[in-house]
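See structure below.
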Amino acid sequence: MDAPTATRIGDGVYRVHHEGGSRIVYVAGAPGDWWAFADGIVCRDDFGAARQRGRRGARAAGPETLSAPMPGTVIKVLVQPGAAVKKGDTIVLLEAMKMELPLRAPADATVVAVHCREGELVQPDTTLVELA
Amino acid sequence: MSSVPSVVESSERFVIRRLLIANRGEIALRIIRACRELGIESVAVYSEADARAPHVAAADRAVAIGPAPAADSYLSVPRVIDAASTSGADAVHPGYGFLAENPTLADACEAAGLIFVGPPARVIAGMGSKIGARALMESAGVPVVPGETPDDQSDTGLRRAIDRVKRPALLKASAGGGGKGMRLVREASEIDDAIQAARREATAAFGDGSLYVERRLDRPRHVEVQIFGDHHGRIVHLFERECSVQRRHQKVIEESPSPALTPALRARMTAAAVTAAKAAGYRNAGTIEFLLEGRGDNARFYFLEMNTRLQVEHAVTEAVLGIDMVRAQLLVASGAPLPWAEGSLTQRGHAIEARVYAEDPARGFLPQAGRLLLYREPQLPGVRVDAGIVEGGDVPVHYDPLLAKVIALAETRELAVARLVQALRAYPILGIRTNIPFLLRILEHPRFRTGDVDTSFLDDEYATLVPAEPDETPEYVRTAIALHATNTASASGQPPPRSSGDPWSHLSGWRS
């Protein structure tokens, strides 16, 4: 499955192509507190954990990935493969724009793999940690 | 389309040269727009909280009228009259809410030699007493909601009235509206508490604890008729609006024509509305509200109350009839006759309006305030947006949470609903929560789609319409956020401001 790809089409306006279609998404806010609007849905999202709240319980079980929301430096990796984490635990500590950004576990999980090192500069949407 | 007078014609016609708008937000902008089209100078008034509001910049002149709280600014008759005097205005338009139905403003305008764009003060006062309005309508032969307006306002007197009207009954405040000072009485055991509570609330809200009793109708629809009178004794109706989709007596969606009306029923209701307006000696724009029970030609309608002002939902009537009501208000206030010939107007197509409120449906519709980080109005054929906000502006805490109205006009009801849905889906407002997700759920609800709504609709379907949890962030949205984060990170050389956090998130488990 191809990951969605986004293109900027205006100030705070993006066209995102995903499987079978494209949508317009508006984004505003600041790191740690992003607001987004798409087709009448409003989302408020902090940086960090890829949120998969699965309200309707339809998500298939599978590895979850954490990635950086913006370019940053990995200050600390707090887990190792095989470690059990609880929802909300900080897994990786990033630094971006002179702020510390904790990436947190979205749910109780086990660390499957770690794909980053302390001191490394990482780009958005690079998988840093895999959870299951 | 109504004809636009030429410049020469308008200066001959218009006695009003400079109009002060005693209001703010979207309605102030709406009135200013009418002024511009007519070559009338506009004067805006603003409180300290609104110094940078769009209606201030839009007007030809602006006068500061006090601190943020409405009581000290927009609700202050002396400050409004003073502002008219300093700015050299010769007329005042009160908009809706605030002082629109306060006879003191209308009287003060008359005393100051200012034209008040609305009915005479005594008519405002007369219709402002719900008890008085009911009595007038009864004597004019307009059907009223079965009920009683007891002269004996003691607990005993009200109890007897409730017994005669029969439960379920509604205790209502004579001096008010909007659901304040109102209590439903279903069981005998509820009567005493209801009387005390209604009286207390009415006194606090309106300074008058007088109550009357109405029978509680079975799933009524709220259907109102727009009327207009000039100073030459002519009164016309401008057809109806259906406003049954209400939350706690606050309208959310309005439309015209009403899906519940047959031509015969429409004829009876509009005729009754004209009779009512004539009985009241009405001038300028007004609305007769009815409750409708049953369906089809023989449905029963009852006078509920009269609104002696231009209403929020006037845009629905403008759309479906192709007219400009604020222009007509200014014409009539200047002494000109109504600009429409009898029988010349017909409803064409279907118009629906959705009210966008700064409220969070997921948190009990808590009013929101804050800075608009992003705000883009939908621009689509057949879609009109009346808004009082701009990107980067602040939504203050002090005033009514109505941000904007979106009106869709199309050939049929089905097409109008589809058009309104598309418009709301293309209306990003970020920085504060709004009721747009809630509006979309209403418009997509099967009962709304078939026009099967009454005033209990929102309460009945609350669970489906108000999601218990906020929407999860879909992957495609996160993709856009990530790209935006990168773009803004590399674009600005400075560290971004710390997020201020969301004060409302400290409230946990809050449900209305």
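Using the Cβ-Cβ distance between B:SER189 and B:ASP452 with R0 set to 60 Å, the FRET efficiency from 1/(1 + (r/R0)^6) comes to roughly 0.95. Relative contact order of chain B, taken over Cα pairs closer than 8 Å and 6 or more residues apart, is 13 percent.
Figure legend: label point modelled 7 angstrom from the Cα of B:LYS166 along Cα→Cβ; residues of the range B:248-291 with amide N under 20 Å from it are B:291. Computed from the C-beta positions of B:GLU414 and B:ASP460, the FRET efficiency with R₀ = 22 Å rounds to 0.45. The modelled label-to-label distance between A:GLU118 and B:VAL397, using points 7 Å beyond Cα along the C-beta direction, is 4.4 nm. A protection proxy built from the mean count of other Cβ atoms within 10 Å ranks the segments A:17-24, B:25-32, A:30-37, B:212-219, most packed first, as B:25-32, A:30-37, B:212-219, A:17-24. How would the range B:391-481 be classified by its alpha-carbon gyration tensor: rounded, prolate or oblate, with rounded meaning a/c under 1.5 and the a/b versus b/c comparison settling the rest? In terms of gyration-tensor shape, rounded. Candidates B:ALA106, B:PHE448, A:ALA38 compared by Cα position along the dipole of the protein assembly as shown: farthest toward the positive end lies B:PHE448, with charges placed on Cβ.
Our summary gives the range B:35-177 a relative contact order of 14 percent, counting only alpha carbon pairs under 8 angstrom and 6 or more residues apart. When each of the peptides B:80-91, B:190-201 is scored by the mean number of other C-beta atoms lying within 10 Å of its residues, the order from highest to lowest reads B:80-91, B:190-201. With R₀ fixed at 51 Å, the C-beta to C-beta distance from B:GLU475 to B:ARG122 puts the FRET efficiency at about 0.20. Given axes a ≥ b ≥ c from the Cα gyration tensor, I'd like to know whether chain B is rounded (a/c under 1.5), prolate (a/b larger than b/c) or oblate. It comes out rounded by the Cα gyration axes.
How would you classify the protein assembly as shown from its alpha-carbon gyration tensor, with a ≥ b ≥ c the square roots of the eigenvalues: rounded for a/c under 1.5, else prolate if a/b is greater than b/c, otherwise oblate? Because a/c hits 1.5 or more and a/b exceeds b/c, the protein assembly as shown counts as prolate.
Between A:LYS76 and B:ALA57, the distance separating the two model label sites (each 7 Å from Cα on the Cα→Cβ line) works out to 4.6 nm. Site pair A:GLU95 and B:VAL390 shows an inter-label distance of 4.1 nm when each label is modelled 7 Å from Cα along Cα→Cβ. The mean number of Cβ atoms from other chains found within 10 Å of a Cβ in peptide B:296-302 is 0, as a whole number. Given their separation in residues at 0.36 nm each and the Cα-Cα distance between them, B:ASP155 and B:LYS278 gain 40.8 nm when the chain is fully extended.
In plain terms, the chain from B:ALA135 to B:GLU342 could stretch by 71.6 nm, reckoned as 0.36 nm per residue minus the Cα-Cα distance. Given +1 at the Cβ of Lys and Arg, -1 at the Cβ of Asp and Glu and no other charges, the dipole of the range B:190-264 around its Cα centre is 100 debye to the nearest 20. Take each residue of peptide B:423-430, count the partner chain Cβ atoms within 10 Å of its Cβ, and average: the result is 6.
A Cβ-based charge dipole, computed about the Cα centre of the protein assembly as shown with Lys and Arg at +1 and Asp and Glu at -1, lands at about 520 debye. The mean number of Cβ atoms from other chains found within 10 Å of a Cβ in peptide A:5-15 is 5, as a whole number.
Here, each number is a calculation from the coordinates, and none is a lab measurement. Computed from a predicted model, the values in this text were never measured in an experiment. Every residue, glycine among them, receives a Cβ derived from its backbone with ideal geometry; neighbour counts consider all protein chains shown.
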